[in-house]
Amino acid sequence: MSAQVWLHTYATAGVRNAFSNYVLSEFTAEKFSTDIAEKHRRIFIKCEKSQHMVGYLRLDFESPCPSDPNVKTEIATLYVQEHHARQGIGRGLLDQAALACRTRNIPDFWLSVNHENQNAIRFYDSLGFKRAGSMYFELDGEKHENFVLRRSTNQPASSRMIRKATTADRPRISEIRNAVRENKLSPGSVSTVANTARWIYDNGTFWVWEEEGAVQGFAVADTRDGTIFGLFVHPDHEGRGIARALLPLACSDLKRAGFTFATLNTGPGTRAERFYRADGWTDTGRRDADGEIIFEKAL
């Protein structure tokens, strides 16, 4: 996994000998065994799904920050397998790393990120990391700039909560539904969707994710037919684990209503399709009307 993620980050123009030699010499079982054994110097935090590791973080306690040697704790590695990216795993690993630092009375930590890795830079920025200079990784005579980022381990997370929607949330929920990049409403479905939404507002529950004073995502089940009626996140807040946190609540509503399976449909070839497959939903066929995939999951 380490080799896979590293190559995805640095070998953007393809794999050459210098890259392959580095990966084969650096990411070895012997080196990992040595690093894991030195528990006074570093710890590893891993994330597993179905007994398979999908991400891990390495925290080094004796690695001074280049721009401030007084900050000695580095997040030396934070890798998430590409197929499991944008599912909240990285955020969860960082939360555990911050907790480990606080128990050791460590006030700050730092990390470095490839300056061209805009997804990672945006991710760290969303979690409160600030730029603190640059450092360079040199390989085969070529320098690769890495931004140095740092943050307090005690920094409070932005105010986030999951709650039931109120009448006041309805305009924002509609705004999110209309802002999505995929699975947009067709003109012919607007009336049907609006009627279903009205029924659920009156008889069911919209679960919403509120962050920094605004709803940024919602999930809702239709307890009349056992379907997940909607799971949407505002595009500006995608990739933060919001959908993964909301979906189980809508599924629980169906289970309480007596259903043993939940069903939903989504467009083929979309990020939503990949999300549901990764979350364990089973493809059971296609809808005749529009060819959307019908997914099912046991409750």
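The values are calculated or read from the model by the stated rules, or taken from the named source; none is laboratory data. Nothing here was measured: the structure is a model prediction, and the numbers come from that model. Cβ coordinates were reconstructed from backbone atoms using ideal geometry, including for glycine residues, and neighbour counts include every protein chain displayed.
Given the criterion under 17 Å from the mean Cα position of the chain (by Cα) and surrounded by 14 or more Cβ atoms within 10 Å (Cβ to Cβ), identify the matching residue among Phe109, Phe129, Phe61, Phe147.
Phe129
Answer with yes or no whether Ile43 is assigned by TED's automatic domain parsing to the domain that holds Glu138, aliphatic (A, V, I, L, M), in contact with a helix residue (DSSP H, G or I) (Cβ under 7 Å, 6 or more places away or on another chain) and under 24 Å from Leu139 (Cα atoms). Working first, answer last.
On the way: assigned by TED's automatic domain parsing to the domain that holds Glu138: yes; aliphatic (A, V, I, L, M): yes; in contact with a helix residue (DSSP H, G or I) (Cβ under 7 Å, 6 or more places away or on another chain): yes; under 24 Å from Leu139 (Cα atoms): no.
No: the conditions fail for Ile43.
Looking at region 286-299 only, could you name the residues that are within 14 Å of Leu247 (Cβ to Cβ) and either in contact (Cβ under 8 Å) with a residue 40 or more places away in the chain or not in a strand (DSSP E or B) (or both)?
Lys297, Leu299
So which of Val15, Val5 is surrounded by 11 or more Cβ atoms within 10 Å (Cβ to Cβ) and either within 25 Å of Val148 (Cβ to Cβ) or in contact with a Ser or Thr (Cβ under 7 Å, 6 or more places away or on another chain) (or both)?
Val5
Could you give me the residue pairs with C-beta distances under 6 Å whose first residue belongs to region 55-71 and is without any contact (Cβ under 8 Å) to a residue 12 or more places away in the chain and in the same structural domain as Cys101 (by TED's automatic domain parsing), whose second residue is surrounded by 14 or more Cβ atoms within 10 Å (Cβ to Cβ) and of a type outside the set (Ser, Thr, Tyr) wherever it lies, and which are 6+ apart or on separate chains?
What qualifies is Pro64/Lys72.
Going by what's in this entry, would Gly230 be described as in the same structural domain as Ala197 (by TED's automatic domain parsing) and on the phi > 0 side of the Ramachandran plot?
Taking the combined requirement at face value, the residue does not satisfy it.
Have a look at Leu127, Leu185 and point out the one that is under 19 Å from Thr73 (Cβ atoms) and at pLDDT below 90.
Numbers: Leu185 fails: under 19 Å from Thr73 (Cβ atoms).
The unique qualifying residue is Leu127.
So which residues in region 49-103 are basic (Lys, Arg) and within 20 Å of Gly128 (Cβ to Cβ), if there are any at all?
Lys72, Arg86, Arg91, Arg102
Among the listed residues Val190, Val180, which satisfies the condition of being modelled with pLDDT under 90, of a type in the set (A, V, I, L, M) and more than 19 Å from Gly241 (Cβ to Cβ)?
Result: Val190 is the single residue among Val190, Val180 that is modelled with pLDDT under 90, of a type in the set (A, V, I, L, M) and more than 19 Å from Gly241 (Cβ to Cβ).
Specify which of the listed residues (Glu138, Glu74, Glu82, Glu175) is surrounded by 18 or more Cβ atoms within 10 Å (Cβ to Cβ) and acidic (Asp, Glu).
Going through Glu138, Glu74, Glu82, Glu175 in turn, the sole match is Glu74.
Please go through region 261-273 and give me each residue that is assigned to a helix (DSSP H, G or I) and without any contact (Cβ under 8 Å) to a residue 40 or more places away in the chain, ordered by number.
Of everything in region 261-273, just one residue is assigned to a helix (DSSP H, G or I) and without any contact (Cβ under 8 Å) to a residue 40 or more places away in the chain, namely Glu273.
Scan Asp253, Asp225, Asp283 and give me the residue that is in a loop (DSSP other than H, G, I, E, B), outside the structural domain of Ser126 (by TED's automatic domain parsing), over 19 Å from the mean Cα position of the chain (by Cα) and charged (D, E, K, R). So that I can check it myself, show each step before the final result.
Numbers: Asp253 fails: in a loop (DSSP other than H, G, I, E, B); Asp283 fails: in a loop (DSSP other than H, G, I, E, B).
Matching residue, one of Asp253, Asp225, Asp283: Asp225.
Where in region 116-216 are there helices (runs of 4 or more DSSP H), lying fully within it, with 3 or more residues that are assigned by TED's automatic domain parsing to the domain that holds Arg102?
By residue number, 118-126.
Under 7 Å by Cβ, and 6 or more places apart or on different chains, what pairs join a residue from region 92-112 that is without any contact (Cβ under 8 Å) to a residue 40 or more places away in the chain with one that is acidic (Asp, Glu)?
Leu111/Glu74
I'd like the full set of residues that are in contact with a Leu (Cβ under 9 Å, 6 or more places away or on another chain) and part of a strand (DSSP E or B), limited to region 66-115.
Hits for region 66-115 are Glu74, Ile75, Ala76, Thr77, Leu78, Tyr79, Val80, Phe109, Trp110, Leu111, Ser112, Val113.
Just name the residue that is surrounded by the fewest Cβ atoms within 10 Å (Cβ to Cβ) out of those in region 210-244 that are in contact with a strand residue (DSSP E or B) (Cβ under 9 Å, 6 or more places away or on another chain) and of a type in the set (S, T, N, Q).
Taking the candidates together, the pick is Thr227.
If Val71 satisfies every condition in (1) in contact with a Cys (Cβ under 6 Å, 6 or more places away or on another chain); (2) at pLDDT below 90; (3) among the hydrophobic types (A, V, I, L, M, F, W, C) but one, which is the exception?
Status for Val71: all satisfied but (2).
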